[in-house]
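Before any comments, here is the structure.
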Amino acid sequence: MTPDVSGLAVRLKAENFQVVFFQKVFGDSVLTLARELRKLGIKTVFSICDFINPAMCEATDMTIVVTDHLKSLYPKELQAKVTVVHDGIEKPMLHKTEWGGHAGSRQEPIKAVLVTSTELDKIPLLVSPPEWLRITIVGSYSADDNKLRRLRDHQWRLRNIGPLGQKLDYMRFLANPRIRCHAWGPESVYAEMQQADIGIIPIEPDTVRDPTGAWKLKSENRLTLKMAMALPVVATPIPSYEPVIDHGKNGFLARTPSEWLKYLSALRDPQLRQHVGQLARQRALAGYSMDLQAQRLITALQNLIGYHSTTS
């Protein structure tokens, strides 16, 4: 967001603000305000996820990012001003206690869940699931009970999707009985994960939609969300996922379609699903609990303003 915040500096000083937090806002007006606040002795913090902004880092006293990889992309001379506060696990009390006792079949498929912030029109890398696997995508779709709106969305996408081959691929995606698309909701997303046997995060570089390679900058939030639910996860290796997954122990990293099929097939074993899922939950809660991340943020802000607790 690039709001116009001109003229705020004097007001903030008059109201005795000690710290001003710029949450996902930037642009010329915000840069000017940050510099004005510095001259007035007011500390400033910039918080952003999924991309870097050296100009705002330079203008503010501290920048907060959500992964160590994002911090590493800032110029070396600015990295001392960058603090990592990961996305915290929001509902740690929710988790799986049952991983299914079957190995998957056409009649009783293994259930995989893919949580995304977008409206996928294909499953990256996997394309069509094997007959023993059913995939539920929870994403930015129209409400499940609004069939007319969902139909209109599909028609609009079909008209704008490009060449005939891509249109046919999209129609096959919609018609595939082993793929379901559900609308994301703050409660429904957890319900879908609890009903699933495994979690998947396939990412395929798309030079048309994402020419800058922004997919590499994604946080580990989608991963730790599933891991905290005690789901065994297969994911495409990206910089934020690789420190979290101990491959073959608390999850799997798959690069190619053949690797994806190999690790998904391994998770047909219900005992392996349970073992990996339990280790995944332990890893997620140990490193990404909301309490831990909140304390990181509090400590960073206290250090910024020179606060020292008098309690023992």
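Quick notes on this one:
- For the chain, built as a Gaussian network whose Cα springs stay under 10 Å, the top-fluctuating residue of 11, 281, 134: 11
- Across the stretch 9-15, rounded Karplus estimates of 3J(HN,Hα) from the backbone phi angles (6.51 cos²θ - 1.76 cosθ + 1.60, θ = phi - 60°) give 4, 5, 5, 5, 5, 5, 8 Hz, Gly and Pro being marked x.
- Whole-Hz couplings from phi, Karplus 6.51/-1.76/1.60, listed for the stretch 87-103; x for Gly and Pro: 5, x, 6, 7, 10, x, 6, 8, 6, 6, 10, 9, 10, x, x, 10, 9
- For residue 89, the residues whose amide H sits under 5 Å from its own are 289, 290, ignoring neighbours fewer than 5 places away on the same chain, with H placed 1.01 Å from N.
- Long-range amide H partners of residue 141 with built H, under 5 Å: 184
- Helix axis angle, 257-266 relative to the chain longest principal axis, alpha carbon, degrees: 80
- C-alpha long axis of helix 270-288 to longest principal axis of the chain, angle in °: 10
- Backbone phi angles across the stretch 56-67, fed through the Karplus curve with coefficients 6.51, -1.76 and 1.60 (θ = phi - 60°), yield HN-Hα couplings of 5, 4, 5, 7, 9, 7, 8, 10, 10, 10, 9, 9 Hz in residue order; Gly and Pro are listed as x.
- Dipole magnitude (debye, nearest 20) for the chain, charges at Cβ of Lys, Arg, Asp, Glu: 340
- Taking a ≥ b ≥ c as the square roots of the Cα gyration tensor eigenvalues, the stretch 6-69 comes out prolate, since a/c reaches at least 1.5 and a/b is larger than b/c.
- Label corresponding to percent of Cα pairs over 35 Å apart when calculated from the structure given, among (i) 32; (ii) 25; (iii) 16: (i)
- Convex hull of alpha carbon positions in the stretch 20-104: directionally averaged projected area 8.8 nm².
- Estimated from the Cβ-Cβ distance and a Förster radius of 41 angstrom, the FRET efficiency linking residue 105 and residue 299 is about 0.20.
- In this structure the amide hydrogen of residue 64, modeled in the peptide plane, comes within under 5 Å of the amide hydrogens of 46, 47, 48, 83, none closer than 5 places in sequence on its chain.
- Residue among 198, 161, 123 with the largest mean-square fluctuation in a Gaussian network model of the chain, springs linking Cα atoms under 10 Å: 161
Where a number appears in this text, it was derived from the coordinates with a stated rule and is not lab data. Please read these numbers as outputs of a predicted model, since none were measured by experiment. As a convention, Cβ positions derive from the backbone with ideal geometry for all residues, glycine included, and neighbour counts pool all protein chains shown.
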